[in-house]
Amino acid sequence: MSHVPSKAGKRSQTKKLRIILADDHTILRQGLRALIDSQPDMEVADEAADGVEALEKARTVLPDVVIMDIGMPKMDGAQATEFLKRELPQIKVLALTVQEDTSYLSQMLKANASGYVLKRAAADELIKAIRIVAAGGHYLDPELTTRFVANHFAPQQDEVEDLHPPLSKREQDVMRLIAWGYTNKEIAATLKISVKTVETYKARLMVKLDLRSRVDIVRYALRHGWLDEK
């Protein structure tokens, strides 16, 4: 007689996302642990109170995601992220911070963090961000993107002339909104064009610049100073 695995057996074999919490506030870590451990597809594997400890724990635990605060003792989150991604590039880093200044956002993205979430964001926003970065995606806090896109939406003329190969004004508009985390539907609504037109501009600019993903677009925008404060 053949053996048919039970549904319960299949569920027990499901691999959970393993997460390290790196933050110097014990009470916050406790709250985050309770939130994450309550999810069916993730668990907190370890905790760290500073950047140095975060690196040590990551080397030992090899988690899927490190939730990284920026303002920590011994080594800040940006430095810890840079060292971690250089040594263990497969581990995803999600910044969770009170810092709303774009300079901190730029630092974390340049260090190859996969996401940036504000501590005052809703709990379900953090859980959503964890799942996105764990799957290889890129996540920026919606409130940050909404607030700062107005400051960085219109490209300077010298930026337009320096691009090689050149992008049209509309292609640059689409690229900036992609870099800030807007969906195709949101870009279409912002620019008052169709979703299909957005997809056309996106495909065209990615071919021109030899980019393969949204992360490549964000990095390109960073290299050209498009996400820095004016």
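We did not get these values from a lab; they are worked out from the coordinates using the rules stated. Since the structure is predicted, the reported quantities are computational estimates derived from the model, not experimental observations. Neighbour counts are summed over all protein chains in view; Cβ atoms, including those assigned to glycine, are modelled from backbone coordinates with ideal geometry.
Quick notes on this one:
- Note on segment 15-140: Cα-Cα pairs beyond 20 Å make up 32% of the total pair count.
- Residues whose placed amide H lies under 5 Å from that of A111, excluding near-sequence neighbours: none
- Less than 5 angstrom separates the built amide H of L17 from those of M42, E43, all sequence-distant by 5 or more or on a different chain.
- Peptides 115-123, 42-50 ordered by packing proxy, namely the average of other Cβ atoms within 10 Å per residue, highest first: 42-50, 115-123.
- Taken one residue at a time, the phi angles of segment 25-40 give Karplus couplings (6.51, -1.76, 1.60, θ = phi - 60°) of 9, 4, 5, 5, 4, 5, x, 5, 4, 4, 5, 5, 5, 7, 7, x Hz. Gly and Pro are set to x.
- For segment 165-222, the list of trypsin sites (Lys or Arg not before Pro) that fall in a loop by DSSP and count at most 15 other C-beta atoms within 10 angstrom reads K192, R212.
- Backbone HN-Hα couplings from phi across segment 114-124 [Karplus 6.51/-1.76/1.60, Hz, Gly and Pro as x]: 8, x, 8, 10, 7, 5, 8, 5, 5, 4, 5
- Residue pairs exceeding 19 angstrom between C-alpha atoms, taken from K15/K92; K16/K128; K57/K110; K169/K192; K74/K119; K169/K202: K57/K110; K74/K119.
- Extension gain, K185 back to R120 (0.36 nm per residue minus Cα-Cα distance, nm): 20.8 nm
- Across segment 89-102, computed HN-Hα scalar couplings (Karplus, 6.51 cos²θ - 1.76 cosθ + 1.60, θ = phi - 60°) run x, 6, 7, 8, 10, 10, 6, 10, 8, 8, 6, 10, 6, 5 Hz from first to last residue, x flagging Gly and Pro.
- Using R0 = 30 Å, the C-beta based FRET efficiency linking Q39 and D101 works out to 0.50.
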